[in-house]
Amino acid sequence: MAEIKEKEIQSLSEVTVRFAGDSGDGMQLTGSQFSDTTAIVGNDLATLPDYPAEIRAPAGTLYGVSGFQLHFSSSDIHTPGDNPDVLVAMNPAALKINLKDLRPGAMIIVNTDSFDPKNLKIAHYDTNPLEDDSLSGFEVIEIPITTLTTNALEGSPLSIKEVTRSKNFFALGLMYWLFNRPIEPTIEWIQTKFKNSPDIADANLKVLKAGYYYGDATQLFSARYIVKPAALPKGTYRNISGNEASALGVLAASLKSGLDLFLGTYPITPASDILHYLSRYKNYGVVTFQAEDEIAGMASAIGAAYGGALAISTTSGPGLALKTEATGLAVMTELPVVIINVQRGGPSTGLPTKTEQADLMQSLYGRNGESPVVVLAASTPSDCFYMAFEACQIALKYMTPVILLTDGYIANGSEPWKLPEENDLPEIKVNFRTEKEGFNPYERDENLSRPWAVPGTKGLEHRIGGLEKEDVTGNVSYDPENHHRMVTLRAEKVQKVQQDVPDLQINGDPEGDLLVIGWGGTYGAITEAVNRSRKAGMKVSQIHIKHLNPLPANLGKIIKSFKQVLVPELNMGQLAYILRSEYFVDVIKLSKVKGLPFKSVEVQNKIAEILGGNNGK
Amino acid sequence: MENKTIDTQELQVKLTAKDFSSGQDVRWCPGCGDYSILAQVQRTFPDIGIKKENIVWVSGIGCSSRFPYYMDTFGFHGIHGRAPAIASGLKSAHPELSVWVATGDGDLMSIGGNHFIHTCRKNMDLKILMFNNRIYGLTKGQYSPTSEKGKVTKSTPFGSVDYPFNPVSLALGAEATFVARSLDRDPKHMQEMIRKAAAHTGTAFIEIFQNCNIFNDGAFELLTNKETKPEYVLQLEHGKPLIFGVHRDKGIKLDGFELKVININEGDNSINDVLVHDEEDSNPIRAFMLAHMTDNPDLPTPVGVFRRKLKPTYDEGVWNQISHFQAKKGKGTLKDLLYSGNTWEVK
């Protein structure tokens with residue numbers, strides 16, 4: 001390869017790339033490998049995996065298209081990018097589905113081998129878009145990726161099917177060349193992943209390299225690109241998805257509290273990865289109980305908590321609905337259980353692989369009786385770690401169930417995470433009741449929390465359950481006054497958590513024309529929109545709520561400092577409804593329920609619309 | 001949580017039945033069969049060799065599920081049908097505890113059916129006492145999943161049209177490792193079954209025929225009345241021939257794939273023709289055949305241990321894996337946890 005000439009290298013500040021193909025084409029793997037390598041070279045990044053619920057949808061269909069979008073930059077970024085600069089389309093369906101999202105003039109790399117009459121027909125193309133002028137506004141790079149993959153593997157012992165399956169590595173290698181990334185991390189990954197299948201490992205390595213050198217050896221590309229490392233704060237980093245961060249967060253809380261971790265759960269998209277991660281950590285003493293159903297997942301967590309474990313249950317919307325009654329039992333028995341609900345499109349089975357924020361009301365109110373629980377929401381993939389940790393702290397300190405909301409977008413998306421030092425995380429103090437004298441199961445401390453008296457403690461034998469408790473003694477009581485008192489006490493206890501909720505920090509001026517209030521996974525898009533609007537001179541500020549119940553103490557005061565309030569949500573206005581009833585404020589809603597996160601430009605346009613045609617100046 | 005096995009050391013002070021009474025007023029209807037079950041448990045527990053503070057009773061919803069309130073052990077009154085799931089979480093996370101489930105035919109066979117079969121499948125080390133009165137008592141008299149077909153109740157005024165579960169057969173089918181049956185009106189027998197369940201490691205299921213004198217009075221009259229009991233009840237005893245009858249002259253013969261009643265004194269018959277009960281039989285077929293004698297008008301109803309089998313439990317499996325990896329990799333630390341995978345430095 002010595003005679004290959006170095007191509008011109010252009011420097012870019014940020015790029016958005018989308019890989020798209022059939023759901024069996026390995027696009028998620030390609031995207032996550034590109035992300036991991038991009039993180040290692042020091043760019044800031046955000047990702048958006050977007051895939052169908054079908055594991056292997058019929059080849060070539062529009063509904064079977066799987067995509068992975070990645071935004072990387074030499075500066076701090078918050079979103080996976082609104083409009084891709086580069087699309088890698090492995091077949092006509094992938095081109096058709098994704099074309100509308102591209103920025104004008106974007107680069108499209110197509111696998112021409114798949115643009116045959118059969119695939120064009122399945123994708124509902126009447127004419128081949130590569131042969132008419134429908135792509136004239138784009139820079140189209142045509143590459144016979146399947147043929148080149150087959151050529152690279154001539155003489156391989158693998159079947160034709162296995163050979164062509166490697167073609168995603170060709171695309172990956174090519175993109176590594178185009179954006180000047182090292183291929184070594186992926187080489188190492190292939191060697192580990194396929195160590196028991198040396199023929200497949202060998203094929204993937206050959207094809208990866210073939211793709212990389214193809215860029216150099218041909219004249220298809222006029223330039224290569226470089227995106228310089230971002231100036232991130234000093235420290236050790238790893239690329240992390242929200243689900244992995246949630247798993248690490250509860251495990252960190254287990255280590256900091258000295259309690260064994262118990263996960264009672266049932267597989268459900270998009271939450272199952274938390275189970276997968278935690279089930280690996282046997283040497284941390286983690287018990288992962290894959291229950292027979294969602295109800296048993298929650299019920300087993302309650303049992304484990306009753307016995308003194310740090311108990312977790314993970315789920316997504318339909319599963320949270322099934323856990324409803326058992327969550328009420330945890331409220332009544334005042335046991336610490338953390339439920340992580342990775343929200344997806346609903347109602348019913350809805351859109352299992354797509355994101356949404358429509359379980360807020362279900363989390364706050366979806367139980368029989370007066371049944372308050374603490375509700376938190378994570379804002380980014382790495383924030384899932386801290387919020388999962390905090391959820392455990394609150395549950396243990398106040399003896400209460402806590403629901404942590406994440407969503408499909410931040411759960412599957414990833415970003416570089418600056419790792420905390422051991423001492424950055426506080427110890428979690430747990431006081432099991434051991435003193436027999438004066439023991440009452442429902443006496444309360446200054447936080448209104450009841451004692452945790454676990455089986456195995458001599459002299460503390462007692463009975464609790466779902467029937468109403470007598471204040472202090474915990475005996476069954478049907479007394480009307482007592483019931484009123486206990487309902488009030490349970491509500492006051494949850495409200496008491498507010499003392500530990502940090503004040504909201506305002507992004508922007510403390511007063512102005514418009515306050516944008518977000519919660520959960522919309523943080524990145526809103527932040528980018530508000531920052532851009534402020535640069536354009538608009539008097540707009542932002543707060544982001546991570547504590548939904550109880551709400552932060554300074555929220556009301558902040559709201560009153562602005563003329564108008566905008567609440568963008570991936571639902572029909574659930575937080576808006578709560579803010580209206582809590583603070584009597586006339587909230588402007590921005591709702592989106594398309595199974596996709598906000599693009600920052602959507603929020604930005606709404607801000608401009610509210611603040612007037614003159615850019616709000 | 002250092003000790004992960006049940007502490008069966010010699011107890012220092014000998015406890016009595018009274019030590020297991022919580023002192024709460026027992027609120028079952030006067031004459032209810034549940035009183036006997038409570039009494040037999042309280043009488044047996046001082047001798048099962050487990051410290052009181054390590055015993056937990058978990059229940060669901062129904063008359064039976066008030067049971068934990070009356071025992072001076074740890075107790076958890078759960079929600080309808082979920083007792084096996086709550087108990088499974090407790091036992092998996094805390095294998096040092098002896099966990100007992102008090103439940104009924106509605107609670108366990110209907111709303112909790114799924115949890116029950118999976119508990120058995122996993123061989124979760126729980127002791128499950130199912131009070132079977134073949135009726136919904138607490139909701140005042142609807143037919144239950146163990147009510148006989150044609151049962152006239154408030155919800156089936158013209159007779160039920162669906163078929164009942166045979167709980168013993170269901171437990172056997174779900175691979176419970178200890179399956180037994182007893183009667184509320186046979187205290188000695190019930191005590192023996194409870195002791196045997198306590199001694200078993202793995203899912204132990206005891207179906208207890210229990211009379212609801214308000215909504216289903218006399219459901220088991222033939223099996224408990226002194227006059228009829230000898231003819232209608234077959235006592236299963238390990239290693240002994242299956243003999244019954246007032247004169248102990250009737251035996252159960254295995255004839256091909258059929259169980260038949262023979263008189264051992266008639267014709268060529270002898271005691272040698274009678275099936276000898278083997279509760280440890282590795283083949284479950286005979287246990288199923290015995291289970292299906294229930295409610296067969298031509299055969300007596302068996303009580304006793306249908307099947308007993310030893311195999312590793314769920315919590316054993318889980319904690320063995322944990323010990324294995326802790327020995328191999330060392331106990332995990334926070335630093336190892338966070339700084340794993342592909343990390344890089346920003347300087």
Once the piece of chain linking A:Phe138 and A:Ile55 is laid out straight, how much longer is it, given 0.36 nm per residue of separation minus the C-alpha distance between them?
26.7 nm
Between B:Asp47 and A:Glu511, what is the label-to-label distance in nm when each label sits 7 Å out along the Cα-to-Cβ direction?
8.2 nm
How far apart, in nm, are two points set 7 Å out from the Cα along the Cα-to-Cβ line at B:Lys329 and at A:Asn423?
2.7 nm
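Treating only the Cβ of Lys, Arg, Asp and Glu as charged (+1, +1, -1, -1), what charge dipole size does the protein assembly as shown show about its Cα centre? Round to the nearest 20 debye.
Working: 97 positive and 112 negative charges, 166 e Å.
Here the size comes out at about 800 debye.
Averaging sequence separations of C-alpha pairs under 8 Å and six or more residues apart, then dividing by the length of the range A:238-424, give the relative contact order as a whole percent. Let's see the in-between values first.
Details: 429 pairs, mean separation 54.0, N = 187.
It rounds to 29 percent for the range A:238-424.
Name the shape class, rounded, prolate or oblate, that the alpha-carbon gyration tensor gives for the protein assembly as shown, where a ≥ b ≥ c are the square roots of its eigenvalues, rounded holds for a/c under 1.5, and otherwise prolate holds if a/b is larger than b/c and oblate otherwise. Intermediate results must be reported in sequence, preceding the final value.
Details: a/c = 2.40, a/b = 1.70, b/c = 1.41.
Cα axes put the protein assembly as shown in the prolate bin.
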Whole-Å distance, taken between Cα centres, linking the range A:356-370 and the range A:8-40
37 Å
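Pick out, in residue order, every one of the chymotrypsin sites (Phe, Trp or Tyr not before Pro) in the range B:156-257 that is DSSP loop and has at most 16 other C-beta atoms within 10 Å; say none if there are none. Mind dumping the intermediate values first?
Values: sites: B:Phe158, B:Phe165, B:Phe178, B:Phe205, B:Phe209, B:Phe215, B:Phe220, B:Tyr232, B:Phe244, B:Phe257; in loops: B:Phe158, B:Phe165, B:Phe215, B:Phe220, B:Phe257.
The qualifying sites are B:Phe158, B:Phe257.
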From the phi angles alone, apply the Karplus equation (6.51, -1.76, 1.60; θ = phi - 60°) to the range B:29-35 and give each ³J(HN,Hα) in whole Hz, x where the residue is Gly or Pro.
4, x, x, 5, x, 4, 4
Looks like chain B, by Cα gyration tensor root eigenvalues a ≥ b ≥ c and the a/c under 1.5 rounded cutoff (else prolate when a/b is bigger than b/c, oblate otherwise), is prolate
Once phi is turned into θ = phi - 60°, what whole-Hz ³J(HN,Hα) does the Karplus curve with 6.51, -1.76 and 1.60 give for every residue of the range A:489-498, x standing for Gly and Pro?
4, 5, 5, 5, 4, 5, 4, 4, 4, 3
Using only Cα atoms, locate the centre of the range B:216-280 and the centre of the range A:195-233, then give the distance between them in Å, rounded to an integer.
79 Å
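Which percent, nearest 5, of DSSP beta bridges in the protein assembly as shown are antiparallel?
On the way: 47 of 136 bridges.
Antiparallel: roughly 35 percent of the beta bridges in the protein assembly as shown.
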At R0 = 56 Å the Cβ-Cβ FRET efficiency linking A:Met361 and B:Arg248, nearest 0.05, sits at 0.25
To the nearest 0.05, what FRET efficiency results for B:Thr139 and B:Tyr163 with a Förster distance of 25 Å applied to their C-beta separation?
0.75
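Mind counting lysine pairs for me in the range A:1-129? Cα separation below 26 Å, and the two need to be 8 or more apart along the chain or on different chains.
Details: A:Lys96/A:Lys118; A:Lys96/A:Lys121; A:Lys100/A:Lys118; A:Lys100/A:Lys121.
Eligible lysine pairs with Cα atoms under 26 Å apart amount to 4.
Quote the FRET efficiency, to the nearest 0.05, computed for A:Ala553 versus A:Ile226 with a Förster distance R0 of 45 Å and r equal to the Cβ-Cβ distance. Present the calculation step by step, with values, prior to reporting the outcome.
Values: r = 47 Å, r/R0 = 1.05.
Working from the Cβ atoms, E equals 0.45.
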With θ taken as phi - 60° and the coefficients 6.51, -1.76 and 1.60, list the Karplus ³J(HN,Hα) couplings across the range B:307-322 in order, rounded to whole Hz; mark glycine and proline as x.
7, 9, 8, 9, 8, x, 8, 4, 5, 4, x, 4, 6, 5, 4, 4
With both partners inside the range A:9-227, how many of the DSSP beta bridges are antiparallel, as a percent to the nearest 5?
50 percent
Tell me, what is the percent relative contact order of the range A:9-227, built from C-alpha pairs under 8 Å that lie six or more residues apart?
22 percent
May I ask you to list the residues of the range B:113-134 whose amide nitrogen lies under 15 Å from a point 7 Å from Cα along the Cα→beta-carbon direction of B:Thr156?
B:133-134
Tell me the label-point distance for the pair A:Asn605, A:Met572, using the 7 Å Cα-to-Cβ offset, in nm and rounded to one decimal.
2.3 nm
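Could you give the length gained on full extension between A:Glu446 and A:Leu158, defined as 0.36 nm per residue of separation minus the Cα-Cα distance, in nm? If you can, show how the numbers build up before the last one.
On the way: separation 288, 0.36 × 288 = 103.68 nm, distance 6.83 nm.
Extra length from A:Glu446 to A:Leu158 when fully extended: 96.8 nm.
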With a ≥ b ≥ c from the Cα gyration tensor eigenvalues, square-rooted, and the rule rounded for a/c under 1.5, otherwise prolate when a/b > b/c and oblate otherwise, the range B:169-297 is oblate
For the charge dipole of the range A:122-259, defined by +1 on Lys and Arg C-beta atoms and -1 on Asp and Glu C-beta atoms about the Cα centroid, which residue among A:Gln191, A:Ser222, A:Thr147 has the Cα displaced farthest towards the positive pole?
A:Gln191
Could you please rank B:Val168, A:Val593, placing first whichever residue has the fewest other Cβ atoms within 10 Å of its Cβ?
A:Val593, B:Val168
Where in the range A:528-552 is the amide nitrogen less than 19 Å from a point lying 7 Å along the Cα-to-Cβ axis of A:Ser13?
A:528-538
Sorting A:His78, B:His292 on the 10 Å Cβ count, fewest up front, what's the list?
B:His292, A:His78
Can you list residues from other chains, or at least 5 along the same chain, whose modelled amide H is less than 5 Å from the amide H of A:Ser449?
none
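Please give the charge dipole size of chain B, origin at the Cα centre, charges +1 on K and R Cβ atoms and -1 on D and E Cβ atoms. Round to the nearest 20 debye. It would help to have the intermediate numbers written out before the result.
Numbers: 40 positive and 41 negative charges, 211 e Å.
For chain B, the charge dipole is close to 1020 debye.
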Candidate cut points under GluC sites (Glu not before Pro) in the range B:245-324, DSSP loop plus at most 14 other Cβ atoms within 10 Å of their own Cβ, are B:Glu266, B:Glu280
What relative contact order, as a whole-number percentage, does chain A give when Cα pairs under 8 Å and 6 or more residues apart are counted?
12 percent
Hand me the trypsin sites (Lys or Arg not before Pro) from the range B:127-225 located in a DSSP loop with no more than 15 other Cβ atoms within 10 Å, in residue order please.
B:Lys140, B:Lys149, B:Lys154
If amide H atoms are built 1.01 Å from N in the plane of the peptide, which residues on other chains or at least 5 residues away come under 5 Å of the amide H of A:Asn549?
A:Val375
In the protein assembly as shown, with Lys and Arg counted as +1 and Asp and Glu as -1 at Cβ, which of these residues, B:Asn269, B:Ala39, B:Thr16, has the Cα nearest the positive end of the dipole, that is, farthest along it?
B:Thr16
In peptide A:357-365, what is the residue-averaged number of other protein chain Cβ atoms found within 10 Å of each Cβ?
0
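Every read-out reported here was derived from the displayed coordinates using simple, explicitly stated rules and does not represent laboratory data. Model, not experiment: these values are computed from the prediction. We place every Cβ from the backbone using ideal geometry, glycine too, and count neighbours over all the protein chains shown.
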